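In what follows, a structure is listed as structure tokens, so that the remarks can point back to it.
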Amino acid sequence: KKTKMGVLSTMAAQDYVNLVLSLGAASLSVYMLLRPANGTTTTTGETGKTDSEKLSKSEKKALQKERMNNVETLIMERGKHGTEDFRVHVLAKGGGETVAEVSLWHDVPLVSSAAAQGEVFNFICEIPKCTRKKYEIATGENVTPIKQDTKKGVLREFKKGDIFFNYGCFPRTWENPRKIDEGTGFPGDNDPLDVCEIGLRQIKTGEIRPVKVLGILAMIDDDETDWKIVAIDAEDRWAPELNDVDDCERLLPGALDLIREWFRTYKIPDGKPANKFAFDEKFLPAAFAHKIIHETHTEWLHLVGTDDDDKLHLPGKEKLAKDASIQRDTKIVKNLSASNLAALAGAAE
């Protein structure tokens, strides 16, 4: 009895310590987001008003738009690593002093504010390079945090070994499982559009980075279309020199082939057959990738607008009218798709 009570007391004490640490981390996260960049609130002399209070209506509107496109975020982990309860959440500070937990799938803009022309997208990293735990956005949970995937109650890892590129997805995209893709002949996989980021640095789980789109690969996994965007961090050393898959082949020979072989064989250690690819296994150019981004964003708009899938956590159709960043996303990806398809047609002629 003494031994059992001792174990229970130790467990209770450990749970209490974990709770205190979690609350402390959450408090620190909120403080770091609310704290002004220079540690003090900027005021204007005698009136004691902040700079924002002295702005005109038009200036305030411009400032609010800028803050909407440049949201400060902080990653917060909940639960214990290596358990089914572990989650990665993201806190965001928008206009004013409000801090809120954001949905990585629905709230993060698809198009980054890092480039005025809109050719830079927000990449959400799920699995950092040189790791193997299979993290993914929990599309069926409230605020869609990141969790470690499970199969038959077992936490999943890549048995093939560590992945050698940062792997994640684009927000506000969806591969529709009820629609047959004309190019592949298979429906979508019911997930956001996957992204392979090939830059030099390791990106953390839950981190949001601006990336340039270089191309796309059409993988067929269990009779589902599973597009793989190839992109590079917009601030990477190679970013200025890489604009398309041809640049990758020329400057980073073999890199794309390794990505294809990774996806072809990564399920074989689980006893499954090798994956297949459409379009003669070719990596398609950035122009085609922009077409797929536009299509999957349109499918996401329809999904949220109809709000008729009880297995996915959706923000409600009213979000489409209230969130101006969605309108910006839609306009930019549509224009990029149209201009790139025109360029493809011209090249074919």
Point to revise | One residue from D223, D162 being on the phi > 0 side of the Ramachandran plot and surrounded by fewer than 15 Cβ atoms within 10 Å (Cβ to Cβ) | key: D223
Point to revise | Check on T139, at pLDDT 95 or above, of a type in the set (V, I, T) and either open to solvent by less than 10 Å² (accessible area, probe 1.4 Å) or outside any loop (DSSP other than H, G, I, E, B) (or both) | key: no
Practice item. Give the residues of segment 280-298 that are open to solvent by less than 30 Å² (accessible area, probe 1.4 Å), out of contact with any helix residue (DSSP H, G or I) (no Cβ under 6 Å at 6 or more places or on another chain) and not aliphatic (A, V, I, L, M), sorted by residue number. Key: T296
Point to revise | Pairs with Cβ under 9 Å, 6+ apart, first in segment 228-252 and within 24 Å of T296 (Cα to Cα), second open to solvent by 80 Å² or more (accessible area, probe 1.4 Å) and not charged (D, E, K, R) | key: D233/L200
Revision key, fill the gap. Counted residues in segment 142-157 being of a type in the set (S, T, Y) and open to solvent by less than 50 Å² (accessible area, probe 1.4 Å) come to 1
Practice item. Name the single residue, out of those in segment 101-136 being over 19 Å from L336 (Cβ atoms) and among the acidic types (D, E), that is surrounded by the fewest Cβ atoms within 10 Å (Cβ to Cβ). Key: E101
**Study point:** Close pairs (7 angstrom Cβ cut-off, 6 or more residues apart or separate chains): on the phi > 0 side of the Ramachandran plot in segment 171-189, aromatic (F, W, Y) and surrounded by 19 or more Cβ atoms within 10 Å (Cβ to Cβ) anywhere
**Key:** R172/W300
Practice item. Could you give me the residue pairs with C-beta distances under 8 Å whose first residue belongs to segment 313-333 and is over 16 Å from L303 (Cβ atoms) and open to solvent by 30 Å² or more (accessible area, probe 1.4 Å), whose second residue is among the hydrophobic types (A, V, I, L, M, F, W, C) and modelled with pLDDT under 95 wherever it lies, and which are 6+ apart or on separate chains? Key: A324/M68
Exercise for review: Please state which one of F186, F158, F170 is farther than 20 Å from D247 by Cα, touching a His at 6+ places or on another chain (Cβ under 9 Å) and hydrophobic (A, V, I, L, M, F, W, C).
Suggested key: F170
Point to revise | All strands (runs of 3 or more DSSP E) inside segment 153-242 with 1 or more residues being closer than 19 Å to R260 by Cβ and polar (S, T, N, Q) | key: 166-169, 224-233
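For (1) of a type outside the set (D, E); (2) part of a helix (DSSP H, G or I); (3) modelled with pLDDT under 95, each residue gets a yes or a no:
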| residue | (1), (2), (3) |
| --- | --- |
| H290 | yes, yes, no |
| L303 | yes, yes, no |
| K311 | yes, no, yes |
| L314 | yes, no, no |
Check your understanding: Is one or more of the residues making up segment 272-279 in a helix (DSSP H, G or I), in contact (Cβ under 8 Å) with a residue 24 or more places away in the chain and not hydroxyl-bearing (S, T, Y)?
Key -> yes
Review point. Does any residue of segment 181-197 turn out to be more than 27 Å from D309 (Cα to Cα) and open to solvent by 20 Å² or more (accessible area, probe 1.4 Å)?
Key: no
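The values are calculated or read from the model by the stated rules, or taken from the named source; none is laboratory data. Quantities reported herein were computed from a predicted structural model and do not represent experimental measurements. Positions of Cβ are generated from backbone atoms using ideal geometry, with glycine treated the same way; all protein chains shown enter the neighbour counts. Calculation scope for accessible area: heavy atoms of the full protein, side chains included, ligands and nucleic acids excluded. Shrake-Rupley method; radii C 1.70, N 1.55, O 1.52, S 1.80 Å.
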